[in-house]
Amino acid sequence: MQHKLFRLHAFVFNWRHIFTEELVALVLVLFIFIAPASAAMRFQERSLYMNSTVPGATTSYTVSFRYMSPQPVGSVDMLFCVDPIPYHACVTPPGLDVSNATLSTQTGESNFAILSKNSNHILLSRTTSAITTNASSYKFDNIINPTDTSQSFSIRLKSLTSVNGTGAQIDFGSIKGQVTDGVIIETQVPPMLIFCLAQEVEENCIDTNDTFYTDMGTLNSQSTLTAQSQMAVGTNASGGFAITANGTPMSAATNVIDAPSTPTESKPGTNQFGMNLVENNDPDVGENPEGQWANAIASPNYSVPNMYMYVPGDVVAYSPNVSLMKKFTVSYILNASPSLRAGVYTTTMTFIASGRF
């Protein structure tokens, strides 16, 4: 998805649908328990995703939770038992085997590796580090499901400062799951990202004016040249979206009109290329974002009226979670000093929208 501005072509896809993922049978049970743990805290947002709930099947488990304590963590202990209570004796769920498990994916707090494992125990280890990203998940492949469909099973979790699972625990908690031969309900939640851009677009991306070229006019040191383009975006991604602006500032051969790296007012008589995503009156260009989704916003550096900047690769607009259709108008300014060398100054601006699924 590209927007090419100033004498160059662009290709724009009015509707962009990201691939569909099929959700398989899911067991998601959060189990909260009370244990004597002095200063320890419970993991929050604990969950278990089982790629298959067929008894005895070899499948993958994704264990997710949120670290709560600020203490550095060097290991995470995962003990698979019938009973979730940490101070009760651990009975291995019949048929379960995690001795061949491999850690295939990790998000959030990472750099872990499996230090040890047996039929019902996995110990993750890393160099003891501070917690910087609380929400984390760990996907294990080659786990054999329990075979008893009449009872649930649990994963007892605890984090520790040591790298080998010894010493006092930091956070703790349990997750419960169950295998079943019963009715399996499957559904699809299609991940979707809609993005369009042109000189003018409809808020819902139904239509654009199919114009991707702007002649800003003749440069001079007394006045500021302006242009604008529009883009609309929406996604059902739980993490929202991010739009980055890419491309070099205006140039003619080796002569470049630099862009300020921090929000700066328009300065006629100086070499300056910049943009923002709000309505301005100095000069008179642009519009504020349009649409009811208040969580979709222009990035702070690009949302100050009458202040312009540009750093290639910057996120210029984003939302932290689901946001259906918001339209942004991008304003461009161009100033020139009296000593600027003659030439045809052009650039290609490429805007990339990404869904955070």
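How would you rank 222-235, 138-151, 335-348, highest first, on the average number of other Cβ atoms within 10 Å across their residues?
Values: 222-235: 21.5, 138-151: 17.9, 335-348: 15.2.
Taking the mean over residues of other Cβ atoms within 10 Å, the ranking is 222-235, 138-151, 335-348.
Debye calculation, C-alpha points only, no solvent: report log10 I(q)/I(0) for the range 22-177 at q = 0.14, 0.19 Å⁻¹, in the same order as the q values.
These q points yield log10 I(q)/I(0) values of -0.63, -1.21.
Go ahead and collect, in residue order, the members of the range 53-83 whose backbone nitrogen is under 13 Å from a label point 7 Å along the Cα-Cβ direction of residue 141.
Residues passing the 13 Å test: 59-61.
From Cα pairs below 8 angstrom and at least 6 apart in sequence, can you work out the relative contact order of the range 230-320, rounded to a whole percent? Can you show the working numbers first?
Values: 161 pairs, mean separation 35.0, N = 91.
The normalised contact order for the range 230-320 reaches 38 percent.
Please report the orientation-averaged projected area of the range 193-355, defined via the convex hull of its C-alpha atoms, in nm².
That works out to 8.8 nm², a quarter of the Cα hull's surface.
Quick one: Cα centre-to-centre distance for the range 92-146 and the range 206-241, in angstrom?
46 Å
Based on alpha-carbon centroids, what's the gap between the range 271-334 and the range 252-270 in Å, whole number please?
18 Å
Would you mind calculating the relative contact order of the range 193-355 from Cα pairs under 8 angstrom and at least 6 residues apart, reporting the percent as a whole number?
Result for the range 193-355 is 34 percent.
Could you work out the relative contact order of the chain? I mean the mean sequence separation of Cα pairs under 8 Å and 6+ apart, divided by the number of residues, in percent.
20 percent
Once the piece of chain linking residue 321 and residue 246 is laid out straight, how much longer is it, given 0.36 nm per residue of separation minus the C-alpha distance between them?
Once the chain is fully extended between residue 321 and residue 246, it gains 24.7 nm.
Would you grab the residues whose amide H sits under 5 Å from the one on residue 288? Only those 5+ places off in sequence or on another chain, please, with H modelled 1.01 Å from N.
Those qualifying (amide H under 5 Å, at least 5 residues apart or on another chain) are 279.
Could you list 284, 171, 83 in order of exposure, starting from the residue whose Cβ has the fewest other Cβ atoms within 10 Å?
Working: 284 10, 171 23, 83 17.
Ascending Cβ contact count within 10 Å gives the list 284, 83, 171.
Using 0.36 nm per residue, how much length does the chain from residue 211 to residue 253 gain when fully extended, once their Cα-Cα distance is taken away? Intermediate values should be presented prior to the final figure.
Working: separation 42, 0.36 × 42 = 15.12 nm, distance 2.54 nm.
So the chain would gain 12.6 nm between residue 211 and residue 253.
Which order results if 357, 153 are arranged by neighbouring Cβ count within 10 Å, fewest first? Don't skip to the answer; put the middle values down first.
Working: 357 16, 153 25.
Sorted ascending by nearby Cβ count, the order is 357, 153.
Could you give the length gained on full extension between residue 87 and residue 166, defined as 0.36 nm per residue of separation minus the Cα-Cα distance, in nm?
Extending this stretch completely gives an extra 26.8 nm.
For the chain, set up a GNM with springs between Cα atoms under 10 Å and report which of 72, 263, 289 has the largest fluctuation.
Of 72, 263, 289, the most mobile in the Gaussian network model is 72.
Computed from the coordinates by the stated procedures, all read-outs in this text should not be read as laboratory data. None of the values given here were measured: they were computed from a predicted structure. Because the Cβ atoms are built from the backbone with ideal geometry, glycine has one as well, and the counts that use them run over all protein chains shown.
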